[in-house]
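Step one of this worksheet: look at the structure below.
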Amino acid sequence: MMRAWILPMLLVLCGSLAATGLILGGSPGPAAALLLVFVLLAGVKSPLIFPKTIGALEAQHRSTVDGRPVVYWRPGCTYCLRLRIRLGRNAHQAHWVNIWRDPAGAAAVREANDGNETVPTVVVNGQPHTNPDPAWVRRQLSPPR
C-alpha cells in the first residue's frame, strides 16, 4: 500500500521545497503556481484517480457473472493512466485490480505476460489483452445494441 504513495509524496515534497525557495526569494505568486502544478501531478500519479479496486479473485468472479472486463493496473503507470482517462465515466463499469495491493492480481498479470508485470492488462471473457487500445476497451464496456 505504501509503495503506491511514494511518487505522489515525493512530488508534493519537491514542490513544497521549490515553492519555499521561491517564497524566500520574494516570489509568492510563482511559488503558488509551482506548488499547484506539483500537487496536481501528485494527484494524477496517485491511486485516487482510479475507481475503487477489488481483489483479483473477486474481480474474476464478478466478471464471470456480469461479463465486464477486469483491468489490472498499478499506480504510477502512464499507460494505466491513459486508459483510465480515455475510458472517462465508463471506467467504473470495469473491475479494477491494483497489482501492488493484490498478490493474486500480480500473479495473474505475470501468468498472462510471460512472467512480466506488464500493465494495464485487461481480461475480457477470460482472454488477457496487454495494453489494449482504450477505444477497444470502451467497446467492451458497452453492451451491443
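How many of the residues in the range 121-139 are surrounded by 15 or more Cβ atoms within 10 Å (Cβ to Cβ) and over 14 Å from the mean Cα position of the chain (by Cα)?
Our first condition is that a residue be surrounded by 15 or more Cβ atoms within 10 Å (Cβ to Cβ); within the range 121-139, this holds for 121-124, 128-132, 134, 137-138.
Imposing the further condition that a residue be over 14 Å from the mean Cα position of the chain (by Cα) reduces the set to 123-124, 128-130, 132, 137-138.
Of the residues in that region, 8 qualify.
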Provide a single number: the residues in the range 52-71 that are in contact with a helix residue (DSSP H, G or I) (Cβ under 9 Å, 6 or more places away or on another chain) and surrounded by 15 or more Cβ atoms within 10 Å (Cβ to Cβ).
10
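When the range 90-145 is examined, which residues are found to be part of a helix (DSSP H, G or I), of a type in the set (A, V, I, L, M) and over 13 Å from W73 (Cα atoms)?
Going through the range 90-145, the residues part of a helix (DSSP H, G or I) turn out to be 90-93, 103-112, 134-141.
Now restrict to residues that are of a type in the set (A, V, I, L, M): 91, 104, 106-109, 112, 135, 137, 141.
Correct list: A112, A135, V137, L141.
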Taking the range 48-89 as the search range and keeping residues that are assigned to a loop (DSSP other than H, G, I, E, B) and among the hydrophobic types (A, V, I, L, M, F, W, C), which one is nearest to R3 (Cα to Cα)?
C77
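Would you call L22 part of a helix (DSSP H, G or I), touching a Pro at 6+ places or on another chain (Cβ under 9 Å) and at pLDDT 90 or above? Break it down into steps so the answer makes sense when it comes.
Numbers: part of a helix (DSSP H, G or I): yes; touching a Pro at 6+ places or on another chain (Cβ under 9 Å): yes; at pLDDT 90 or above: yes.
Taking the combined requirement at face value, the residue satisfies it.
For the subset of the range 82-120 comprising residues that are among the charged types (D, E, K, R) and either farther than 19 Å from K52 by Cα or surrounded by 15 or more Cβ atoms within 10 Å (Cβ to Cβ) (or both), which member is farthest from the chain's Cα centre (by Cα)?
Keep residues of the range 82-120 that are among the charged types (D, E, K, R), which gives 82, 84, 86, 89, 101-102, 110-111, 114, 117.
Next, from what is left, pick out any that are either farther than 19 Å from K52 by Cα or surrounded by 15 or more Cβ atoms within 10 Å (Cβ to Cβ) (or both): 84, 101-102, 110-111, 114, 117.
Details: R84: 7, R101: 12, D102: 14, R110: 18, E111: 20, D114: 22, E117: 14 Å.
Taking the candidates together, the pick is D114.
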Of (1) surrounded by 13 or more Cβ atoms within 10 Å (Cβ to Cβ); (2) in contact (Cβ under 8 Å) with a residue 60 or more places away in the chain, R3 satisfies every one except (1)
Selection count where residues are within 17 Å of R84 (Cβ to Cβ) and charged (D, E, K, R), scope the range 94-126
1
Are there any pairs, at least 6 apart or on different chains, whose C-beta atoms fall under 8 Å, with the first in the range 28-55 and under 12 Å from R84 (Cβ atoms) and the second surrounded by 19 or more Cβ atoms within 10 Å (Cβ to Cβ) and among the hydroxyl-bearing types (S, T, Y), and if so, which?
P47/T53
Condition check for G29: part of a helix (DSSP H, G or I) and over 19 Å from the mean Cα position of the chain (by Cα):
yes
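The values are calculated or read from the model by the stated rules, or taken from the named source; none is laboratory data. If you're wondering where the values come from, they're calculated on a predicted model, not measured in any experiment. We place every Cβ from the backbone using ideal geometry, glycine too, and count neighbours over all the protein chains shown.
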